[in-house]
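What follows is one structure encoded as structure tokens, with my remarks underneath.
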Amino acid sequence: MRSGKKMAKCIVFAANRGYAIASSRTILVKRFLDAGWRVILVTSDDKHTRKLIALGAELEPVNFKRGGFDLFADWNAYKELRAIFRKHMPEAVHFFHAKPIILGSRAAKKELGDDIKVFATITGLGQAFTNGSIAKHL
């Protein structure tokens, strides 16, 4: 719960890798920062994420295990997302990639309620197509 002190609005961007946010959403991140929002990046700690941190974004590292379902890893990522949402209480969340969308949308609704603004962007074809498992059968 927020204290009586006025806090900056907060938005979370979550993606498998920092590259997905930095490569095409740097301007968006910068606009939120310039407007006085806190920007929380939920992704890997990589060189692309570091460029966004240098602009003023904050990092909550989460490892979204790519390339399939892994009960243990996915459950841990889900629990980490819930803790991050409780900690930062964002007004909006924007997910990129299938795993953050699936896990994050549910975690956001569970922790933040039905009024949370959730945005989901599917980028690229996904691992199922790029590693040849589905594509070779088409």
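The values are calculated or read from the model by the stated rules, or taken from the named source; none is laboratory data. For clarity, every value in this text was computed on a predicted model and none was experimentally measured. Glycine also receives a Cβ, built like all others from the backbone with ideal geometry; neighbour counts cover every protein chain displayed. Keep in mind that these areas ignore ligands, DNA and RNA; they rest on the heavy atoms of the full protein, side chains included. Shrake-Rupley method; radii C 1.70, N 1.55, O 1.52, S 1.80 Å.
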Query raised in the report: Under 6 Å by Cβ, and 6 or more places apart or on different chains, what pairs join a residue from segment 80-109 that is of a type in the set (Ser, Thr, Tyr) with one that is open to solvent by 40 Å² or more (accessible area, probe 1.4 Å)?
Result: Ser105/Val118
Requested in this report: Would you confirm whether any residue within segment 6-19 is part of a helix (DSSP H, G or I) and either open to solvent by less than 60 Å² (accessible area, probe 1.4 Å) or of a type in the set (Gly, Ala, Ser) (or both)?
Outcome: yes
Query raised in the report: Tell me, which residue of segment 95-119 that is modelled with pLDDT of 95 or more and in contact with a Ser or Thr (Cβ under 7 Å, 6 or more places away or on another chain) is nearest to Met7 (Cα to Cα)?
Result: Val118
